[in-house]
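Participant: Please read through the structure below; I'll follow up with questions.
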Amino acid sequence: METKLISVMESEIEEKDSLLREAGEILKNGGLVAIPTETVYGLGGDALNKASSQKIYAAKGRPSDNPLIIHVADMESVEKIVTGVSTQARKVADAFWPGPLTMIFPKAEIVPYETTGGLDTVAVRMPSHPVARRVIAYAGGYVAAPSANTSGKPSPTLAKYVMEDMNGKIDMVIDGGEGDIGLESTIVDMTVSPPQILRPGYITKEMLEELLGEIDVDRTILRNDTGDRPKAPGMKYRHYAPKGELTIISGSQDAVIEYINDNARKAMAEGKRVGIIGSDEAIAGYVGDSVKNVGSKSDELSIGRSLYRILREFDEENIDVIYSESFGSEGMGQAIMNRLLKAAGHQLIEV
Ligand code: TXA
Ligand code: MG
């Protein structure tokens, strides 16, 4: 299949409206289109068409028990695919939609089990990205979209990474530039009381608590030794895995730099290529084949935005061993650490 790559930046949606209309038509006809969102690129298909969902799983090489998120552009659409929107869910929607948040609801009958991975619940998100919103509307209102990466790779934050993984497998890729957030949406299960965070993201526990009071967090988010199964089926897979072996080092800045440099030198002496993920504050102190500044510890948004790109760059550079600093576990730091720990297979060393 020939994959058509088009470019539509936020500022161009009016002049390039006919291209977005074409994308909507492809989706309506059962095709697949990768779309930019404010988090990461999504691999879109018509959420109410089981054949489209099956195609999504095939293109990603994703196990079909791992449910998809349905993207909508307005509240009326939400009401058609769930059995009811609770007062609490409505509050969350009012506060954070459109935006980087996904809620789990009991599903309505029209949602095929192919889309929900066999579950009776459905994940729904209303993205804020204007390109995504327009394509969803032109597609008829319901776009199932997992991250547009091959299963097991970091989620794509740039269209070129979508093309790397999906060229020849899907009908169209819309380049909309780099997403603002760079990490996937927060997922909160509204079918349980108190509501429970299944995947941390830009919308934090603290932000949800301010609105709703008590919020639970799935214990498996920052630990792999709880013996529990993650509640979001996708969280059990080793996601976001770079080719190089990644270890996270936690401790005081000086101790971390010393430990990483000692180990980097040893690995390089053995002929291995070493990559380092450092903060802006510490970056000048590192020695390695590829030392990358992930952003400032005082601006976690910048770290979230760069993380997946850096992991992909290490793959391109054939890095064998990667050391990363550790980041805070509160707020947005929780989302960053959750993704980093998964990429590292939970290898974390305290120094
Ligand atoms: O930011 C995002 O959410 C991006 C963009 C494209 O919107 N999408 C995304 O989708 O990250 P995906 O498929 O890569 O991750 C969806 C996660 C998976 O871990 C999946 O198991 C979980 O959501 N999920 C989906 N439906 C669920 C349900 N009914 N119950 C529990 N978890 C669910
Ligand atoms: Mg994903």
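Participant: For a quick protection proxy, order the peptides 286-299, 170-183, 9-22, 78-91 by their average other-Cβ count within 10 Å, most packed first.
Facilitator: On the way: 286-299: 18.2, 170-183: 22.4, 9-22: 14.1, 78-91: 15.8.
Highest to lowest by the protection proxy: 170-183, 286-299, 78-91, 9-22.
Participant: Got the relative contact order for the stretch 245-350 handy, in percent, Cα pairs under 8 Å and 6 or more residues apart? Display every interim value, and only then the final one.
Facilitator: Numbers: 164 pairs, mean separation 40.6, N = 106.
Result for the stretch 245-350 is 38 percent.
Participant: For the stretch 67-80, take each phi angle, set θ = phi - 60°, evaluate the Karplus expression 6.51 cos²θ - 1.76 cosθ + 1.60, and give the result in whole Hz per residue in order, putting x for glycine and proline.
Facilitator: x, 9, 8, 8, 9, 10, 10, 7, 5, 4, 5, 4, 4, 7
Participant: Which of Leu19, Ile81, Ser7 sits closest to the plus end of the dipole of the stretch 4-182, meaning its Cα is farthest towards the positive end, when Lys and Arg get +1 and Asp and Glu get -1 on the C-beta?
Facilitator: So the residue we want is Ile81.
Participant: Sorted by average packing, counted as other Cβ atoms within 10 angstrom per residue and highest first, what order do 149-156, 124-131 take?
Facilitator: 124-131, 149-156
Participant: Let me ask something additional. Hey, what angle do you get for helix 253-269 against the long axis of the chain, alpha-carbon based, 0 to 90 degrees rounded to 10?
Facilitator: In the chain, helix 253-269 runs at an angle near 80 degrees to the longest axis.
Participant: Calculate for the chain the 222 nm mean residue ellipticity that helices alone would give, adding -39,500 (n - 2.57) per DSSP H run of length 4 or more and normalising by residue count, nearest 500 deg cm²/dmol.
Facilitator: Numbers: 11 runs with 115 residues, N = 351.
After summing the helix terms and dividing by residue count, I get -10000 deg cm²/dmol.
Participant: Once you keep just the Cα pairs under 8 angstrom separated by 6 or more residues, what percentage relative contact order results for the stretch 9-83? Please list the in-between numbers first.
Facilitator: Values: 48 pairs, mean separation 12.1, N = 75.
After rounding, I find 16 percent.
Participant: If you don't mind, there's one more thing I want to ask. When you have a sec, figure out the Kirkwood radius of the chain from all distinct Cα pair distances and drop it here in Å to one decimal? Don't jump to the answer; show the numbers that get you there.
Facilitator: On the way: mean 1/r = 0.0486 Å⁻¹.
Evaluated on the chain, it is 20.6 Å.
Participant: Which one, Gln347, Met268, Gly285, is farthest towards the positive end of the dipole of the stretch 245-350 when Lys and Arg carry +1 and Asp and Glu -1 on their Cβ?
Facilitator: With unit charges placed on the Cβ atoms, the residue in question is Gln347.
Participant: Could you tell me the distance between the Cα centroids of the stretch 301-336 and the stretch 148-208, to the nearest Å?
Facilitator: Comparing the Cα centres of the stretch 301-336 and the stretch 148-208, I get a distance of 15 Å.
Participant: Moving on to the next point. To the nearest 20 debye, what is the magnitude of the charge dipole of the chain about its Cα centre, counting +1 on the Cβ of each Lys and Arg and -1 on the Cβ of each Asp and Glu? Working shown, then result.
Facilitator: Details: 38 positive and 52 negative charges, 207 e Å.
Computed charge dipole of the chain: roughly 1000 debye.
Participant: Report the Cα centroid-to-centroid distance between the stretch 209-274 and the stretch 31-101 in angstrom, as an integer.
Facilitator: Here the two parts' Cα centres lie 27 Å apart.
Participant: So for the chain, averaging the separation of alpha carbon pairs under 8 Å that are six or more residues apart and normalising by length, what relative contact order in percent results? List each step's numbers first, then the result.
Facilitator: Working: 794 pairs, mean separation 67.1, N = 351.
Value for the chain: 19 percent.
Participant: So what are the radius of gyration and Dmax for the Cα set of the stretch 245-350, in Å?
Facilitator: 12.5, 39
Participant: Moving on. Going by how many other Cβ atoms sit within 10 Å of their own, how do Arg339, Arg305, Arg265 line up, fewest first?
Facilitator: Taking fewest neighbouring Cβ atoms as first place, the list is Arg265, Arg305, Arg339.
Participant: If you take the beta carbon distance between Asp315 and Ala51 as r and set R0 to 35 Å, what does 1/(1 + (r/R0)^6) give as a FRET efficiency, to the nearest 0.05? Could you put the intermediate results ahead of the total?
Facilitator: Working: r = 32 Å, r/R0 = 0.92.
Taking R0 as 35 Å, the efficiency between Asp315 and Ala51 is 0.65.
Participant: By how many degrees, 0 to 90 and rounded to 10, does the Cα axis of helix 17-28 deviate from the longest principal axis of the chain?
Facilitator: Helix 17-28 sits roughly 80 degrees off the main axis of the chain.
Participant: Within a 10 angstrom radius of the beta carbon, how do Lys342, Lys55, Lys60 rank from fewest other beta carbons to most?
Facilitator: Details: Lys342 18, Lys55 21, Lys60 24.
Ascending Cβ contact count within 10 Å gives the list Lys342, Lys55, Lys60.
Participant: Specify the angular offset, from 0 to 90 degrees and rounded to the nearest 10, of the alpha carbon long axis of helix 300-316 from the longest principal axis of the alpha carbons in the chain.
Facilitator: Orientation of helix 300-316: about 80 degrees from the principal axis.
Values in this text are rule-based calculations from the coordinates and carry no lab data. This is a predicted model, so every value here is computed, not measured. Cβ atoms come from the backbone with ideal geometry, glycine included; neighbour counts cover every protein chain shown.
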